[in-house]
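Here is the structure we will look at, set down as structure tokens.
The values are calculated or read from the model by the stated rules, or taken from the named source; none is laboratory data. Keep in mind that this is a model prediction, so the values were computed, not measured. So basically every Cβ, Gly included, is an ideal-geometry build from the backbone, and we count neighbours across all protein chains shown. All accessible areas refer to the heavy atoms of the entire protein, side chains included, with ligands and DNA or RNA removed. Shrake-Rupley method; radii C 1.70, N 1.55, O 1.52, S 1.80 Å.
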Amino acid sequence: MLYVEILGNLPSLAKSEVKALIELADRRFKIAEEDYLLLAIRGNERAFPFLDRLGMAHEYGILLFSAENVEELYAKAESIDWSEYIAGTFKVDRETMRNCAHDVENLEKKLGAIIYRQGFRVNLSNPNTLVRVYCGKKLWVGIRVRFFKAKTFDERKADKRPFYKPIALPPRIARAMVNLARAKMEILDPFMGTGGILIEAGLMGLKVYGVDLRRDMVEGARINLEYFGVKCYVLKRGDATKLREIFPDKTFEAVATDPPYGSSATLAGRKREELYEKALESIYEVLDGYLSIAFPADFNAEKIAEKIGFEVLEKHYQRVHSSLDRYFYVMKT
Ligand SMILES: C[S@@+](CC[C@H](N)C(=O)[O-])C[C@H]1O[C@@H](n2cnc3c(N)ncnc32)[C@H](O)[C@@H]1O
């Protein structure tokens, strides 16, 4: 079993991202249980390279067991052989989630003592192994495999890129969109702007394809991709409503994109609804797989997408600020 602790700001999007990634690793891997922000996953270490792609998570690890109460937790901790999981020194670290239903005071000390008695040394400042305890409805004990530092995402925020425009998505969300599109080898963003989605995809090792109507965006996205060390890219100036003309012989396995929401500058003088419908039709022509796409909440994407032939699988709501709320959709051809 594995665990993932997702971010709390967009939990439904974060959970879907996890689901998409574990299914990419193995179709049989499943989210078995959830307890507030903790997801328990039926799967094994073959999921690690995919979970390493996560954007909307704090950390993931190996889930050892869960317990209904603290007594059960201590009994289970006594009975397991920690040498399978602890190499070198260890520390017990507790996460008390908002729904924590147990008295967990001193829990880390008591659990630490049980593990210590099996012959392991504690190191509180720099342990080799971090034993994690989550308190929610239940208690969960695991071993951290990877923690995602907020700083690494912050370093890729729009204003940290050499080519800056205030239209870009936050890197964690851009990354989740790539993952929701279940991209394995490559991805297309037909409204790439400054390249935020493509930077995340490129850093995951995918080949990235980008299109934008504006020449300055194409050049700017190229500068940004190079800055972050992404080398495998194809960028074209062109119209997202005419993708077949831009890529006459190519079918993509995944598309992730964030079309313009309405300012006249980014819409290039077109009616918003018409642009969205034409773009969906055009994406449908070049895609054999999943599309993840953001639309303002007042656009009824489902009806139009289904008319074109897409199967709409999910939508996740986000209120960005007082005058913008949007949905992230996942669709399939
Ligand atoms: C919201 S921005 C994308 C932001 C992007 N995700 C980023 O991180 O920078 C939308 C982009 O779509 C471009 N655009 C507008 N109409 C277009 C069209 N018909 N075809 C291609 N690009 C278009 C705009 O120039 C703008 O750069």
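Below, the figures for the structure above:
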| item | result |
| --- | --- |
| Using θ = phi - 60° and Karplus 6.51 cos²θ - 1.76 cosθ + 1.60, couplings along segment 152-162 (whole Hz; Gly, Pro as x) | 5, 6, 4, 5, 10, 4, 3, 6, 9, 8, x |
| In sequence order, calculated HN-Hα J values of segment 32-41 (Karplus, 6.51, -1.76, 1.60; Hz; x Gly/Pro) | 8, 7, 9, 9, 6, 9, 9, 10, 9, 10 |
| Candidates 188, 291, 243: whichever shows maximal mean-square fluctuation once the chain is modelled as a Gaussian network with Cα springs under 10 Å | 243 |
| Base-10 log of normalised Debye intensity for segment 2-147 (one unit scatterer per alpha-carbon) at q = 0.10, 0.19, 0.20 Å⁻¹ | -0.33, -1.15, -1.24 |
| Percent carbon-and-sulfur accessible area, segment 162-286, ignoring ligands, DNA and RNA, probe 1.4 Å | 52 |
| Separation of the residue 274 and residue 69 label points, Cα + 7 Å toward Cβ, nm | 6.8 |
| Fluctuation leader among 300, 106, 44 - the chain, Gaussian network, Cα springs under 10 angstrom | 106 |
| Among 165, 151, 184: highest mean-square fluctuation, GNM of the chain, C-alpha pairs under 10 Å | 151 |
| Translational diffusion coefficient (Stokes-Einstein; Kirkwood radius from C-alpha pairs) of segment 1-47 at 37 °C, 0.692 mPa s, in µm²/s | 313 |
| Segment 154-332 - charge dipole about Cα centre, Lys and Arg +1 at Cβ, Asp and Glu -1, debye rounded to 20 | 380 |
| Long-range amide H partners of residue 95 with built H, under 5 Å | 133, 134, 135 |
| Exposure of residue 186 as accessible area (Å², to 10), given a probe of 1.4 Å and all protein chains | 30 |
| Full-stretch length increase - residue 319, residue 96 - with 0.36 nm per residue and alpha-carbon distance subtracted | 77.6 nm |
| Accessible area per residue, Å², the chain with all protein chains present, probe 1.4 Å | 46 |
| Check: segment 2-147 dipole with +1 on Lys, Arg Cβ and -1 on Asp, Glu Cβ, in debye | 260 |
| Most positive-pole-ward Cα, 119, 243, 304, against dipole of the chain from beta carbon charges | 243 |
| Unpaired by the 4.7 Å Cβ criterion, cysteines found in the chain | 232 |
| Rounded to 5, percent antiparallel among DSSP beta bridges of segment 2-147 | 75 |
| For segment 60-122: span of alpha carbons on each principal axis (Å, largest first) | 33, 24, 19 |
| Whole-Hz couplings from phi, Karplus 6.51/-1.76/1.60, listed for segment 286-299; x for Gly and Pro | 10, 10, 10, x, 9, 10, 10, 8, 9, 9, x, 5, 7, 9 |
| Gain on full stretching of the segment that runs from residue 80 to residue 306 - 0.36 nm per residue minus C-alpha separation | 76.2 nm |
| Solvent exposure ordering (accessible area, 1.4 Å, most first) of 316, 58 | 58, 316 |
| Percent accessible area from carbon and sulfur atoms, segment 2-147, protein chains only, probe 1.4 Å | 47 |
| Simple Cβ-charge dipole of the chain, Lys/Arg +1 and Asp/Glu -1, about Cα centre, in debye nearest 20 | 660 |
| Taking segment 130-269 and dividing mean pair separation by its residue count, relative contact order in percent (alpha carbons under 8 Å, at least six apart) | 22 |
| Taking N as its residue count, the alpha carbon Rg of the chain over 2.2 N^0.38 Å | 1.11 |
| In segment 85-121, the trypsin sites (Lys or Arg not before Pro) that fall in loop regions by DSSP, at most 14 other Cβ within 10 Å | 98, 121 |
